[in-house]
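The values are calculated or read from the model by the stated rules, or taken from the named source; none is laboratory data. Values in this document were obtained by computation on a predicted structure and should not be read as measured data. Please note: Cβ atoms are built from the backbone with ideal geometry, for glycine as well, and neighbour counts cover all protein chains shown.
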Amino acid sequence: MLDIECFSFLNRALENELSPLVIMASNRGMSRIRGTKFRSPHGLPVDLLDRVLIVSTKPYTAEEIQQIVEIRCQEEDTQLTAEATAVLTTMAQQTTLRYALNIISTAQILARKRKVEKVDLDDLRRAYSYFMDEKRSVEWLKMQQGSLVFDEINQGDEDDPMSG
């Protein structure tokens, strides 16, 4: 949400001998440049827009996620069964890639504890039960609503010796 003064500062900084590398993210289409009456793509002034490299992003496909999981397993020296790889790929699509990749190391420890070479579905299920992704965490908080410590403070005001 930069305004015209910020863009002027960035333009001057980019003209400097030791110019910085500026990375901006935007999901705005044609919009008004703050501080002006002009509209332009991404709300950027045209003189700055001429200097940018626009990199379009998109979600990973299932095949790309599977390749990333396999590369991560190679880096962590972990072997997965084919079913475990498929489950991790699906898990990454439904939660986040970071969450699914972090499950690998926990599942590997569980597999070692069972003295097996490959991580299988049982190891993934146990690792999945130990850590919550964002969606499950939000659901748990909603279920716990009203029973958390902070709610007890409001209910117990008459028992509070400091209240008078």
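Within region 55-71, is even one residue surrounded by fewer than 13 Cβ atoms within 10 Å (Cβ to Cβ), among the hydrophobic types (A, V, I, L, M, F, W, C), out of contact with any Pro (no Cβ under 8 Å at 6 or more places or on another chain) and modelled with pLDDT under 90? So far as region 55-71 goes, yes, one or more of its residues are surrounded by fewer than 13 Cβ atoms within 10 Å (Cβ to Cβ), among the hydrophobic types (A, V, I, L, M, F, W, C), out of contact with any Pro (no Cβ under 8 Å at 6 or more places or on another chain) and modelled with pLDDT under 90. Are any of the residues in region 42-53 out of contact with any Leu (no Cβ under 9 Å at 6 or more places or on another chain), surrounded by 15 or more Cβ atoms within 10 Å (Cβ to Cβ), outside any helix (DSSP H, G or I) and not assigned by TED's automatic domain parsing to the domain that holds Leu10? Looking through region 42-53, none of the residues is out of contact with any Leu (no Cβ under 9 Å at 6 or more places or on another chain), surrounded by 15 or more Cβ atoms within 10 Å (Cβ to Cβ), outside any helix (DSSP H, G or I) and not assigned by TED's automatic domain parsing to the domain that holds Leu10.
Kindly evaluate Lys115 against the criterion of being surrounded by fewer than 14 Cβ atoms within 10 Å (Cβ to Cβ) and at positive phi.
Considered against the rule, which asks whether it is surrounded by fewer than 14 Cβ atoms within 10 Å (Cβ to Cβ) and at positive phi, Lys115 comes out as yes.
When the residues of region 108-126 are filtered to those that are in contact (Cβ under 8 Å) with a residue 40 or more places away in the chain and part of a helix (DSSP H, G or I), the one that is nearest to Gln94 (Cα to Cα) is Leu124. Among the residues of region 89-103, those that are hydrophobic (A, V, I, L, M, F, W, C) and under 13 Å from Gln66 (Cβ atoms) comprise Met91, Ala92, Leu97, Ala100, Leu101.
The residue list Leu88, Leu14 contains one member that is surrounded by 11 or more Cβ atoms within 10 Å (Cβ to Cβ), over 21 Å from the mean Cα position of the chain (by Cα) and in contact (Cβ under 8 Å) with a residue 12 or more places away in the chain, which is Leu14.
Apart from one condition, Ser129 fits all of (1) surrounded by 11 or more Cβ atoms within 10 Å (Cβ to Cβ); (2) part of a helix (DSSP H, G or I); the exception is (1). Of the residues examined, Val87 is not one that is among the β-branched types (Val, Ile, Thr) and more than 15 Å from Tyr128 (Cα to Cα). There is at least one residue in region 54-62 that is in a helix (DSSP H, G or I) and under 21 Å from the mean Cα position of the chain (by Cα).
Results for (1) assigned to a loop (DSSP other than H, G, I, E, B); (2) in contact with a strand residue (DSSP E or B) (Cβ under 7 Å, 6 or more places away or on another chain); (3) in the same structural domain as Gln108 (by TED's automatic domain parsing); (4) at negative phi, shown as yes or no for each residue.
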site: Asn11; (1), (2), (3), (4): no, no, no, yes
site: Leu18; (1), (2), (3), (4): yes, no, no, yes
site: Arg28; (1), (2), (3), (4): yes, no, no, yes
site: Lys37; (1), (2), (3), (4): yes, no, no, yes
site: Ile71; (1), (2), (3), (4): no, no, yes, yes
site: Ala84; (1), (2), (3), (4): no, yes, yes, yes
